[in-house]
Amino acid sequence: MKPAMAFFDLRQILASLEEGGRSIDVAGQQIACATLFETSRSQAAVFRLRAGQRIPAHTHSAIDDIFFGVRGRGRIRTWDEHGAARDHALEPGTVVLVEPETPHEVSCAEDDVCYVLLQAPKEWYDSHRYSSPGAPA
């Protein structure tokens with residue numbers, strides 16, 4: 001079996017998001033995104049959140065979410081098993097790993113934040129809303 005390779009130019013992808021590329025509806029917000037790749041095992045996309053936008057609190061049963069900060073400043077908030085919140089900076093050069101069953105949300109801290117999100121194993125993807133006294137609905 002020949003190994004597969006892929007190349008992505010994040011500058012081009014970010015430029016396409018600036019020009020109003022594809023967006024998805026997340027809790028009534030239009031979030032800009034571009035798929036990087038999808039294999040039988042994993043998937044990755046670039047997301048751009050503008051000021052005030054957030055991906056609401058949720059969990060995944062069996063996948064890792066791996067966030068790579070690309071541009072701007074954002075925040076990933078996680079909650080422990082007791083409902084205590086912890087904030088993690090998402091900015092260029094940072095990597096944040098959110099393991100399965102860890103409640104988390106992503107929000108923009110400035111004018112915009114761009115990040116790559118890698119999810120694996122893809123075949124076990126699911127998403128469940130999370131509510132805590134400290135988590136917005």
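Since every read-out is calculated from the coordinates, none of them should be taken as a lab result. Being a predicted model, the structure only gives us computed values, none of them experimental. Note that we place each Cβ from the backbone using ideal geometry, even for glycine, and neighbour counts take in every protein chain shown.
Under 1.5 on a/c is rounded, so check that first for region 1-50, then, if it is not, pick prolate when a/b is larger than b/c and oblate when it is not; a ≥ b ≥ c are the square roots of the alpha carbon gyration tensor eigenvalues. Please report the intermediate quantities before stating the final value.
Values: a/c = 3.99, a/b = 1.71, b/c = 2.33.
Oblate.
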*Place a label point 7 angstrom from the Cα of residue 24 along the Cα-to-Cβ direction, then list the residues of region 91-109 whose backbone nitrogen is under 19 Å away.*
96-108
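Determine the shape class of region 58-137: with a ≥ b ≥ c the square roots of the Cα gyration tensor eigenvalues, call it rounded for a/c under 1.5, and otherwise prolate if a/b is greater than b/c, oblate otherwise.
It is oblate, given that a/c is not under 1.5 and a/b is not larger than b/c.
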_For residue 78, net neighbour charge (Lys/Arg +1, Asp/Glu -1) across residues whose Cβ lies under 12 Å away_ = -4
_Of the candidates 123, 105, 91, which one comes out as most mobile in a Gaussian network treatment of the chain with C-alpha springs shorter than 10 Å?_
123
*Among 10, 102, 113 - extreme Cα towards positive end, dipole of the chain, charges at beta-carbon*: 10
*Comparing 119, 12, 30, which has the greatest mean-square fluctuation in the GNM of the chain with Cα pairs linked when under 10 Å apart?*
12
*How large is the helix-only mean residue ellipticity at 222 nm for the chain, computed as the sum of -39500 (n - 2.57) over DSSP H runs with n ≥ 4, divided by its residue count, in deg cm²/dmol to the nearest 500?*
-2000 deg cm²/dmol
*Between [x] 1.05; [y] 0.98; [z] 1.49, which matches Cα Rg over 2.2 N^0.38 Å calculated for the structure shown?*
[x]
*With +1 on each Lys and Arg Cβ and -1 on each Asp and Glu Cβ, and nothing else charged, work out how big the dipole of region 1-79 is about its Cα centre, in Debye to the nearest 20.*
260 debye
